[in-house]
1. How would you rank 140-146, 201-207, highest first, on the average number of other Cβ atoms within 10 Å across their residues?
2. Largest first, how would 209, 506, 247 line up by accessible area (1.4 Å probe)?
3. Bin by bin, in steps of 10 Å, what percent of the Cα pairs in region 334-474 do you find, going until the bin that has the longest distance?
4. Between residue 218 and residue 108, what is the label-to-label distance in nm when each label sits 7 Å out along the Cα-to-Cβ direction?
5. Just to verify a number: FRET efficiency for residue 82 and residue 285, C-beta to C-beta distance, R0 = 30 Å, to 0.05?
6. Run the simple label-point estimate for residue 448 and residue 13 please: 7 Å along Cα→C-beta, distance reported in nm.
7. D for the chain, whole µm²/s, Stokes-Einstein with Kirkwood Rh over alpha-carbon pairs at 37 °C and 0.692 mPa s: what number?
8. Once phi is turned into θ = phi - 60°, what whole-Hz ³J(HN,Hα) does the Karplus curve with 6.51, -1.76 and 1.60 give for every residue of region 194-201, x standing for Gly and Pro?
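The values are calculated or read from the model by the stated rules, or taken from the named source; none is laboratory data. Here the structure is a predicted model, which means the values were calculated and not measured. Every residue, glycine as well, gets a Cβ built from its backbone with ideal geometry; the counts of neighbours run over all protein chains shown. Side chains included, ligands, DNA and RNA excluded: accessible areas come from the protein's heavy atoms. Shrake-Rupley method; radii C 1.70, N 1.55, O 1.52, S 1.80 Å.
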Amino acid sequence: MKKEEVIKIVLKSESLPTLPAVACKLISISSQEEIGMKEIANLVSKDASLSAKVLKIANSALYNFPVKISNIHQATSRIGLNAIRSMVLSFSFLSIKAKNYKDIFDYEKFWEKSLSNAVAAKLIMAEVGKSDGEEVFIAGLLQDIGELIMANCFSQKYAQLLTETSSGEKDTIDIEEQIIGADHTSIGQEVAKMWGFPPELNIPILYHHSPQDYKDEDHKLRLTVNVVYLSGIFTNILYSNRPQKYHQKFLDVSKSTFGFNEKIVNRILDDVVKEINQTAGLFGLHVKDLKSIEEILQEANASLSSINLTYDQINRELIDAKAQLQKLTQELEEKNRHLEKLAQLDSLTEVYNHGCFQKMLQNQISIATRKISPLSLIMLDIDYFKNFNNNYGHQAGDAILKELCTLMKKSLRDYDMLFRYGGEEFAIMLIDTDDRDARIIAERLRELIATYTFVAHNNKYNVTASFGVAEIMPALDDFTNKDLIAFADAALFESKKTGRNRVTVHDQKKNSLSQPL
């Protein structure tokens, strides 16, 4: 059959896998420029199973957030749209199974290799440094989707194809064209187009075996195609019976295409294996711990050499010793991550500390700049707290601080961030929030604190707090994180100067301060 006839059969086949509804909707709305984190989060939240999987990864060591993320809106705010989109699409595609499942197609092994492609593509793109690695993750994951489709639609011929390509000596693309009439890259691309995939996905599917054939002038797509091509070479190091060949090819292509030196290449080779081992279980894949590239190459070389049993045993002991060393290193890294998490929290109130505030504020300003959205900051200070400590003791004061933070966290939105700025002063970061809404939130907190009865050591106390509110639009205003803090602090000072227990808003356009009537 000619290629055109094969494609028609595939597109009309009842055995063609069905794209999950969530993936269809996500691909559809992702093409709309006005779509933001709220719409994506609402879509994901409608699928309880998918939400649970996303939250599992968001709270894993991959992101290592100091405070547990409890819902999809919060996860979207912390992780970012690209990462959430990649995560959701990954889970959606991993749920695709053959309608006429047969033993000839190893579904688990296929997605295991696909995950290797995706992780490798992400880390390679990170080294290139010209694009978000999350965007190329899905392209890497789906580069060989044509194989799954081919196995479903042409099961008998696919069995013959496996026999012909099992030795690894013959070119897979040539064999596919001879036996089926079309190769998995063209089949995969045509189905991807039917599913509504954007060029960022279907172009890499078509050219991931022959990047030199992509002739268009879109530099971003060309980069994606080259990254996906290199990720496929890496996966062949792990799963082919000739890892030395693909290891050398990986070295050559890395240098000629991206100019990677030996240090960068070794970092990629090590990090990909670690991340696959770390993330496979999170994606529901039962992958046994992959060996390091060094171990794979050592074992491949050993099998090609006529060595005696004694040398083989010594080699194994060295490999085992290295594996044990890697295990100890991973344990140390885990402990260091735990210490880093503790370092981001205030030990008394268990909210983010001042150092974490500075880092997150700079990060949120960058995000707000890209999204052209507002960012507001509330600074608040407990009134006459020094006198309180003098009158009732620091233990009572500490208890008030802890209970105050608990009270505020319950009142704030899930994606608002509360920090202890210092002493009895706190900061609240409000994402996608202008000063009008920030004032409402501050006034609600002020009234809540003023009417609340605090209990410490069986004694009841009442305190009030003063608030300062400021907003910036980083994409339009030439203000820094220091400016935003200064604006909010000036508003807080005005609240304290004019009587305390009140909210003052800084209007940076008029460079003035205002208080609610």
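1. On the way: 140-146: 26.6, 201-207: 24.7.
Descending mean neighbour count gives 140-146, 201-207.
2. Working: 209 90, 506 10, 247 40 Å².
Sorted descending by solvent-accessible area, the residues read 209, 247, 506.
3. 11, 40, 32, 15, 2, 0
4. Output for this residue pair reads 3.7 nm.
5. Details: r = 22 Å, r/R0 = 0.73.
Efficiency at R0 = 30 Å is approximately 0.85.
6. Going by the 7 Å Cα→Cβ label model, 5.7 nm.
7. Numbers: Rh = 26.4 Å.
Calculated translational D: 124 µm²/s.
8. Per residue, the Karplus-derived 3J(HN,Hα) values read 5, 6, x, 5, x, x, 4, 10 Hz.
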